[in-house]
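Chemist: Please find one structure pasted underneath; my questions will follow.
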Ligand SMILES: [Zn+2]
Ligand SMILES: [Zn+2]
């Protein structure tokens, strides 16, 4: 899985969704950034996106409050999105998931944007695999021997 902002830093700045939480909500107040991670394994067609909700406070990002797996190809349900069991969660994770579901329901264009990001990630992964380039995750290794295999 690779972060959208690793591959497209400028686009991620403009297109990553931020959910505003007000004081009266049952969550710590602030701006919640929803970072996107995509599966770019050329042999996999899972269409899964990992959404990491992180609060943005005084110019820095806090540790993830919730980590969700969402398949934009499938309809919204009790299990889509779901909280990833082996990822970083907090006591607020379920509330964040509900807030995310509400956002998905009221913004059908959001899932469409995720599908476009997925396509862009895949295309870039294919190009990087062809040209022997350095991996965008800044590991210093070749892409072919790094994130392409993950
Ligand atoms: Zn996959
Ligand atoms: Zn890498």
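Here, each number is a calculation from the coordinates, and none is a lab measurement. Values in this document were obtained by computation on a predicted structure and should not be read as measured data. Positions of Cβ are backbone-derived with ideal geometry, glycine not excepted, and every protein chain shown enters the neighbour counts.
Chemist: Which whole-number percentage describes the relative contact order of region 2-149, with Cα contacts under 8 Å and a sequence gap of 6 or more?
Modeler: The value is 18 percent.
Chemist: Right, next: Could you order the peptides 37-49, 129-141 from most to least packed, using the average number of other C-beta atoms within 10 Å per residue?
Modeler: Ranked from most to least packed, the peptides come out as 37-49, 129-141.
Chemist: For the chain, find the longest principal axis of its Cα atoms and tell me its angle to the long axis of helix 108-130, 0 to 90°, nearest 10.
Modeler: Helix 108-130 and the main axis of the chain meet at about 20 degrees.
Chemist: Taking the 0 to 90 degree range and rounding to the nearest ten, how far is the long axis of helix 93-106 tilted relative to the main principal axis of the chain, both from C-alpha atoms?
Modeler: Once rounded, one gets 80 degrees.
Chemist: Between residue 60 and residue 137, what length in nm is gained on full extension when 0.36 nm per residue of separation is reduced by their alpha carbon distance?
Modeler: Extending this stretch completely gives an extra 25.7 nm.
Chemist: Alpha carbon centre of region 81-105 versus region 33-49: separation in Å?
Modeler: The two parts, judged by their Cα centres, are 17 Å apart.
Chemist: Continuing with the same structure: Evaluate E = 1/(1 + (r/R0)^6) for residue 109 and residue 83, where r is the Cβ-Cβ distance and R0 equals 25 Å; express this FRET efficiency to the nearest 0.05.
Modeler: About 0.55, to the nearest 0.05.
Chemist: Something else about it: Calculate the spin-label point distance for residue 102 paired with residue 24, positioning each point 7 Å from the Cα along the beta-carbon direction, and give it in nanometres.
Modeler: Modelled inter-label distance: 1.1 nm.
Chemist: State whether the chain is rounded, prolate or oblate according to the following rule on the C-alpha gyration tensor (a ≥ b ≥ c being the square roots of its eigenvalues): a/c under 1.5 gives rounded; otherwise a/b larger than b/c gives prolate, and the remaining case gives oblate.
Modeler: Note, shape of the chain comes out prolate.
Chemist: If you don't mind, another one. When 70, 118 are ordered from fewest to most other Cβ atoms inside 10 Å of their Cβ, what list results?
Modeler: 118, 70
Chemist: So what is the 222 nm mean residue ellipticity for the chain from helices alone, if each DSSP H run of at least 4 adds -39500 (n - 2.57) and you divide by all residues, rounding to the nearest 500 deg cm²/dmol?
Modeler: Result for the chain, helices only: -10000 deg cm²/dmol.
Chemist: GNM, the chain, Cα, under 10 Å: largest mean-square fluctuation among 94, 24, 102?
Modeler: Between 94, 24, 102, it is 24 that shows the largest mean-square fluctuation.
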